[in-house]
Amino acid sequence: MSESTTIELGGEEYQVQREGDALKLGRQVGGDTVWLDDVQVGSLPGPAQEALARGDHADQTLRTALLGVVQAEVNRGG
């Protein structure tokens, strides 16, 4: 995935973009994407990695893993 893809996490829309071994996670703010965090693809659970490789952004395991990243960002005060 070289272009960003919009997915819904916890009732809100986020952008995800694959860059090599990292997955960028961001939000649209005022027409611009604000990138929240980069996630190493290898740190995701195996089924989430498989869904990402298939391009299955609706996969619940992938969404759950990314929602955990969003929640960690909120907890950090990002």
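The values are calculated or read from the model by the stated rules, or taken from the named source; none is laboratory data. Computed from a prediction, not measured in an experiment: that's the story for all the values here. Reconstructed Cβ throughout: ideal geometry from the backbone, glycine too, with neighbour counts over all protein chains shown. We work out accessible area using only protein heavy atoms, side chains counted, and drop any ligands, DNA or RNA first. Shrake-Rupley method; radii C 1.70, N 1.55, O 1.52, S 1.80 Å.
Protein heavy-atom surface of the chain, 1.4 angstrom probe: 43% of the accessible area is carbon and sulfur, with nucleic acids and ligands not counted.
Taking Cα atoms only, the orientation of helix 60-76 departs from the longest principal axis of the chain by about 40 degrees. Gain on full extension, evaluated as 0.36 nm per residue between ALA53 and GLU13 minus their Cα-Cα distance, stands at 12.3 nm. Working note: Cα atoms of the stretch 18-78, range along each principal axis, descending, whole Å: 31, 24, 20. Note on the chain: dipole from Cβ charges, positive end direction compared against LEU66, GLY30, ALA53; the farthest Cα belongs to LEU66. Each peptide among 53-66, 9-22 gets the average number of other Cβ atoms lying within 10 Å of its residues, and from highest to lowest they stand as 53-66, 9-22. Once backbone amide H atoms are built at 1.01 Å from N, LEU23 has VAL39, GLN40, VAL41 as its partners under 5 Å, excluding neighbours fewer than 5 places away on the same chain.
Averaging the sequence gap over all C-alpha pairs within less than 8 Å and six or more residues apart, then dividing by the number of residues, gives the chain a relative contact order of 21 percent. In order along the stretch 31-42, the phi-based Karplus estimate (6.51 cos²θ - 1.76 cosθ + 1.60, θ = phi - 60°) of 3J(HN,Hα) comes to x, 10, 8, 9, 7, 7, 7, 10, 10, 6, 4, x Hz; Gly and Pro are listed as x. Helix content alone sets the calculated 222 nm mean residue ellipticity of the chain: runs of n ≥ 4 DSSP H residues at -39500 (n - 2.57) each, divided across all residues, give -10500 deg cm²/dmol.
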